[in-house]
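Have a look at the structure below, then the notes.
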Amino acid sequence: MPTLTGVGIGRGLAIGEVLRMPDPLPEPSDAASQTTPDAEKVRAAGSLAATAADIRLRGGRAGGAAKDVLEAQAFMAEDPTLKDDVDKRIDAGKTAERAVFEAFAAFRDLLVSMGGYMGERATDLNDVSQRVVAHLQGVAAPGVPTPDHPFILVARDLAPADTALLDLSTVLALITSDGGPTSHTAILAREKSIVAVVGAVGALELSDGQTVIVDATTGAVTVDPSDAERAAAETTLADRAAAKDVPVGPGALADGTPVPLLANLGTVDKLDEAVEKGAEGVGLFRTEFLFLDSEKAPTVADQQAKYSALFAAFPGKKVVVRALDAGADKPLSFLNDEPEENPALGLRGLRALRANEPILRDQLTAIASAAAENEADAWVMAPMVSTVEETRYFTRLAKELGVKTAGVMIEVPAAALLADRILADTDFASIGTNDLTQYTLAADRLLGSVASFQDPWHPAVLRLVGEVGKAGAAAGKPVGICGEAAADPLLAVVLVGLGATSLSMSPAALADVRAELARFTLKQAKQFAELALSANSAVEARLAVIDAATPNKTTPTESEK
Ligand code: PEP
Ligand code: MG
C-alpha cells in the first residue's frame, strides 16, 4: 500500500500497529412500531435525556476544550427541534430507534449541505445519534477499542466524546480518513498533544495489526515500513525524547540567546499548570474570557481580585494582561450591543473599549491596583490596534491610570506596516498571529471553508512579522508573539529569526518549543526566516524550513556556532 497523506496535527511521530474503530451500529429497521406512539415517544425522550447526561458526564471528566465540545453535543441530544422531528416520525408509525436515526440523519444532511465549519460538525451528530440508538437497544455505545497494548487508532472520524477520553497510555497516534484541520478531532488532538493525521484518504483500507509510521510534521502515514524506514523513525523518536529531557528552564537558542517562553492564559485556574511547565511569565492573559457570561461590566473590585491572583502566581515575572478583546467570536454583551454585518471588521478590540471608555478606565485601574498590591511586573496591552493614534491614546490612558508598561497588539496589517511609528509611541508590541493571518489573507478564522488560507507560515504574514521585528530592534523595544504560531516549534524558531524577542503559547506547547529552540543558533534561525520569506506559499515555506532543519543539514559547523 502506498504512503497515505493527510493533514498532520502538531509535529508528533509514532510507530505502531493499527487497530480500527469498530463498525457503527447497523441502521435500525424500518418496520412499523409494534407499540403505541406515546410509548415510543417516552422511550425516545428517555434515551435522548440519558445520552445527554452521559455525554455531559464524560465532558466533566475530560475538562478543558473537550468539556465545551461535549457540552455542545449534549445540547444536540436535547435540541427541541430535533425532538419534535423524532415525535413526528413516531406519529407516522416509526419505532423510536428509526425515528431518532432518521431525524438526526436529516439534520446532519442539512449541516453537510452548508459545508465548511458546519459540515465538519456532522460527525458530532452521527455520534449522538448512534449513542441514542444504542441506549434504546440496550447495547453498548460504539467507541474506541480498549486493548491492553499500545496501538494506532484508525477511524473514519472520531467523535469528540471519543477523542476527549482517549487513553493516552495506549493510543500512540490517530489516523482519520475524514475531518479537516478545524474538526473537533483536530482541535482536541492538538490540545492533548496526540500524534494525529486527519483526512488521510485510504485510511479505512488499513487492517488491524498492520504496522504504520505516522508523521504529523509531513502528514504522511507510511504503511508496512521497510526496516530502514523503521530504523530512521526510531532514531528520530529517540532524538526527540532526548531533546524533551532538556530540563524545564528558560527558553534559549543553541548559542545561548535567551528567548523567554511565556504562557497564554484565559482563566486563573491554569496558573499552577503554567508554572509547572516552566512558563517564565504570562505573555497573554485574555481577560475577556473571565467575563463572557457577564451581562454587566465587571466592577473594579471584582477585576482586581482576579488580576491579583494572576500576579501572585508569577512573583517578579513579567505578566502581560490584555485589555478586554470583545467582538467577533467573543462578544461581551456589555461592550458589543449593535449587530454588525462583518464583526471581525467592526467595533471590536480597542475600538469597542474606546466607545465605552469608562469600562476601559475601570479595567486599567483594576490592573494598576492589583499590580501595586503584588509589586508585580505588570504589562498591559490593547487588542486590535490599527493606527498610531490609537496607540497613543491607549498608552497615555494606561500610564495616566498607573500602569507602568503599556503596549499594543499587532494583529492588523496596517499596524505591522507602521510598526516603527507605533513603537515610537508605546513600550512594546505583541504580535497576534491568529488575527494577523486572518486579516492578511482575508480569511475568516472561524470559517472551515477558508481554513487553508489561515496558515501563519504564509510568507506575507511572515514579512509583516519581520517588519515588526526590525522596528523593535531599531527602537530597542520588545516584540513578543502570542498567537498560535508561537506554539508550532519550527515556526517558533523562524519567528525568532524574524526578530521576536519572546514567545507566548498555551502551556501544553512549552516543552516542545523549548526543545526546538535549543536545537538551533540565532544564525540558523535567521537563515530559516530568509528561506521562509522567499517562498511563494505557506506550504513551500514550511517545507523549505523543514528541509533545512533536518539534522544532517543543520548541525552547526564550528564557524556557525
Ligand atoms: C491573536 O489574534 O493571535 C491573539 C493572540 O488573540 P486572540 O486569539 O485572542 O484573538
Ligand atoms: Mg487576536
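The values are calculated or read from the model by the stated rules, or taken from the named source; none is laboratory data. From a predicted model like this one, the values you see are computed outputs, not experimental measurements. When we count neighbours, we look across all protein chains shown, and the Cβ atoms used for this are built from the backbone with ideal geometry, even at glycine. For accessibility, only protein heavy atoms count, side chains too; no ligands or nucleic acids. Shrake-Rupley method; radii C 1.70, N 1.55, O 1.52, S 1.80 Å.
Determine if region 395-408 includes at least one residue that is in the same structural domain as Val461 (by TED's automatic domain parsing) and either closer than 16 Å to Gly483 by Cβ or modelled with pLDDT under 95 (or both).
Yes: region 395-408 contains one or more residues that are in the same structural domain as Val461 (by TED's automatic domain parsing) and either closer than 16 Å to Gly483 by Cβ or modelled with pLDDT under 95 (or both).
Condition check: surrounded by fewer than 16 Cβ atoms within 10 Å (Cβ to Cβ), closer than 23 Å to Ala140 by Cβ, touching a residue at least 60 places away in the same chain (Cβ under 8 Å) and among the hydrophobic types (A, V, I, L, M, F, W, C). Does Ala45 satisfy that? Give the steps one after another, and end with the answer.
Numbers: surrounded by fewer than 16 Cβ atoms within 10 Å (Cβ to Cβ): yes; closer than 23 Å to Ala140 by Cβ: yes; touching a residue at least 60 places away in the same chain (Cβ under 8 Å): no; among the hydrophobic types (A, V, I, L, M, F, W, C): yes.
In short, no.
Could you list, in sequence order, all residues of region 253-265 that are in contact (Cβ under 8 Å) with a residue 24 or more places away in the chain, surrounded by fewer than 17 Cβ atoms within 10 Å (Cβ to Cβ) and not polar (S, T, N, Q)?
Hit for region 253-265 is Asp255, nothing else.
Listed residues Ala548, Ala486, Ala538, Ala511; which is touching a His at 6+ places or on another chain (Cβ under 8 Å) and either at positive phi or modelled with pLDDT under 95 (or both)? Break it down into steps so the answer makes sense when it comes.
On the way: Ala548 fails: touching a His at 6+ places or on another chain (Cβ under 8 Å); Ala486 fails: touching a His at 6+ places or on another chain (Cβ under 8 Å); Ala511 fails: touching a His at 6+ places or on another chain (Cβ under 8 Å).
Step by step, each of Ala548, Ala486, Ala538, Ala511 is checked, and only Ala538 is touching a His at 6+ places or on another chain (Cβ under 8 Å) and either at positive phi or modelled with pLDDT under 95 (or both).
For (1) in contact with a strand residue (DSSP E or B) (Cβ under 6 Å, 6 or more places away or on another chain); (2) within 13 Å of ligand 2 (Cβ to nearest atom); (3) in contact (Cβ under 8 Å) with a residue 40 or more places away in the chain, each residue gets a yes or a no:
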residue: Pro331; (1), (2), (3): no, no, no
residue: Phe334; (1), (2), (3): no, no, yes
residue: Arg348; (1), (2), (3): yes, yes, no
residue: Arg354; (1), (2), (3): no, no, no
residue: Gln363; (1), (2), (3): no, no, yes
residue: Val380; (1), (2), (3): yes, no, yes
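So that you can scan it fast, the table gives a plain yes or no per residue for (1) over 14 Å from Phe291 (Cα atoms); (2) acidic (Asp, Glu):
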site: Leu324; (1), (2): no, no
site: Gly327; (1), (2): no, no
site: Glu340; (1), (2): yes, yes
site: Leu345; (1), (2): yes, no
site: Ala355; (1), (2): yes, no
site: Pro358; (1), (2): yes, no
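For residues in region 453-463 being in contact (Cβ under 8 Å) with a residue 24 or more places away in the chain and away from ligand 1 (no atom under 15 Å from the Cβ), which is least open to solvent (accessible area, probe 1.4 Å)? Steps first, please.
Looking only at region 453-463, we keep the residues that are in contact (Cβ under 8 Å) with a residue 24 or more places away in the chain, and these are 455-459, 461-463.
Next, only the ones that are away from ligand 1 (no atom under 15 Å from the Cβ) stay: 459, 463.
Details: Pro459: 12, Arg463: 163 Å².
Checked region 453-463; the qualifying residue least open to solvent (accessible area, probe 1.4 Å) is Pro459.
Find all pairs meeting these conditions: Cβ atoms under 6 angstrom apart; at least six residues apart or on different chains; first residue within region 427-440 and at negative phi; second residue within 13 Å of ligand 2 (Cβ to nearest atom) and of a type in the set (Val, Ile, Thr).
Listed pairs, sorted by first residue: Ala429/Ile410; Ile431/Ile410; Ile431/Ile481; Tyr439/Val412.
Scan region 266-279 residue by residue and report those that are in contact (Cβ under 8 Å) with a residue 60 or more places away in the chain and either crowded, with 17+ Cβ neighbours inside 10 Å or outside the structural domain of Leu491 (by TED's automatic domain parsing) (or both).
Lys270, Ala274, Lys277, Gly278, Ala279
Of everything in region 131-146, what is assigned to a loop (DSSP other than H, G, I, E, B) and surrounded by fewer than 17 Cβ atoms within 10 Å (Cβ to Cβ)? Give them in sequence order.
First, the residues of region 131-146 that are assigned to a loop (DSSP other than H, G, I, E, B): 138-146.
Passing the criteria: Gly138, Val139, Ala140, Pro145, Thr146.
If we keep just the residues of region 290-327 that are basic (Lys, Arg) and part of a loop (DSSP other than H, G, I, E, B), which is farthest from ligand 1 (Cβ to nearest atom)? Show your work before the answer.
Taking region 290-327 as the starting set, the residues that turn out to be basic (Lys, Arg) are 296, 306, 317-318, 322.
From what is left, the residues that are part of a loop (DSSP other than H, G, I, E, B) are 296, 317.
Working: Lys296: 22, Lys317: 19 Å.
This residue is Lys296.
Does region 504-517 contain at least one residue that is open to solvent by 60 Å² or more (accessible area, probe 1.4 Å) and in a helix (DSSP H, G or I)? Spell out the reasoning first.
Just the residues of region 504-517 that are open to solvent by 60 Å² or more (accessible area, probe 1.4 Å), to begin with: 512.
Retained after the next criterion (residues that are in a helix (DSSP H, G or I)): 512.
Yes, there is a match, as at least one residue in region 504-517 is open to solvent by 60 Å² or more (accessible area, probe 1.4 Å) and in a helix (DSSP H, G or I).
Just need a number here: residues in region 394-403 that are surrounded by fewer than 18 Cβ atoms within 10 Å (Cβ to Cβ) and either among the charged types (D, E, K, R) or within 15 Å of Leu350 (Cβ to Cβ) (or both). Break it down into steps so the answer makes sense when it comes.
Pass one, region 394-403, residues surrounded by fewer than 18 Cβ atoms within 10 Å (Cβ to Cβ): 396, 399-400, 402.
In the following step, the residues that additionally are either among the charged types (D, E, K, R) or within 15 Å of Leu350 (Cβ to Cβ) (or both) were identified as 396, 399-400.
Within region 394-403, residues that are surrounded by fewer than 18 Cβ atoms within 10 Å (Cβ to Cβ) and either among the charged types (D, E, K, R) or within 15 Å of Leu350 (Cβ to Cβ) (or both) number 3.
Answer yes or no: is there a residue in region 452-471 that is away from ligand 2 (no atom under 14 Å from the Cβ), under 24 Å from Leu543 (Cα atoms) and polar (S, T, N, Q).
Yes, because at least one residue in region 452-471 is away from ligand 2 (no atom under 14 Å from the Cβ), under 24 Å from Leu543 (Cα atoms) and polar (S, T, N, Q).
Name the strands (runs of 3 or more DSSP E) wholly within region 334-446 that hold at least 2 residues that are under 29 Å from Ala312 (Cβ atoms), within 16 Å of ligand 1 (Cβ to nearest atom) and not small (Gly, Ala, Ser)?
Values: elements: 377-385, 405-410, 429-431.
Result: 377-385, 405-410.
Could you list all residues from region 287-321 that are crowded, with 19+ Cβ neighbours inside 10 Å, within 15 Å of ligand 2 (Cβ to nearest atom) and more than 14 Å from Ile359 (Cβ to Cβ)?
Answer for region 287-321, where residues must be crowded, with 19+ Cβ neighbours inside 10 Å, within 15 Å of ligand 2 (Cβ to nearest atom) and more than 14 Å from Ile359 (Cβ to Cβ): Val320, Val321.
Looking for something over 24 Å from Phe520 (Cα atoms) and away from ligand 2 (no atom under 16 Å from the Cβ) - is there at least one such residue anywhere in region 475-483? Let's see the steps before the verdict.
Initial filter on region 475-483 (over 24 Å from Phe520 (Cα atoms)): 475.
With the extra rule that they be away from ligand 2 (no atom under 16 Å from the Cβ), the set shrinks to 475.
Yes, region 475-483 has at least one match.
For region 413-439, which positions are under 16 Å from Gln454 (Cα atoms) and buried (at least 21 other Cβ atoms within 10 Å of the Cβ)?
Initial filter on region 413-439 (under 16 Å from Gln454 (Cα atoms)): 413, 431-439.
Once the filter is applied, which keeps residues that are under 16 Å from Gln454 (Cα atoms) and buried (at least 21 other Cβ atoms within 10 Å of the Cβ), region 413-439 yields Ile431, Gly432, Thr433, Asp435, Leu436, Thr437, Gln438, Tyr439.
Does region 465-479 contain at least one residue that is under 22 Å from the mean Cα position of the chain (by Cα) and not β-branched (Val, Ile, Thr)?
no
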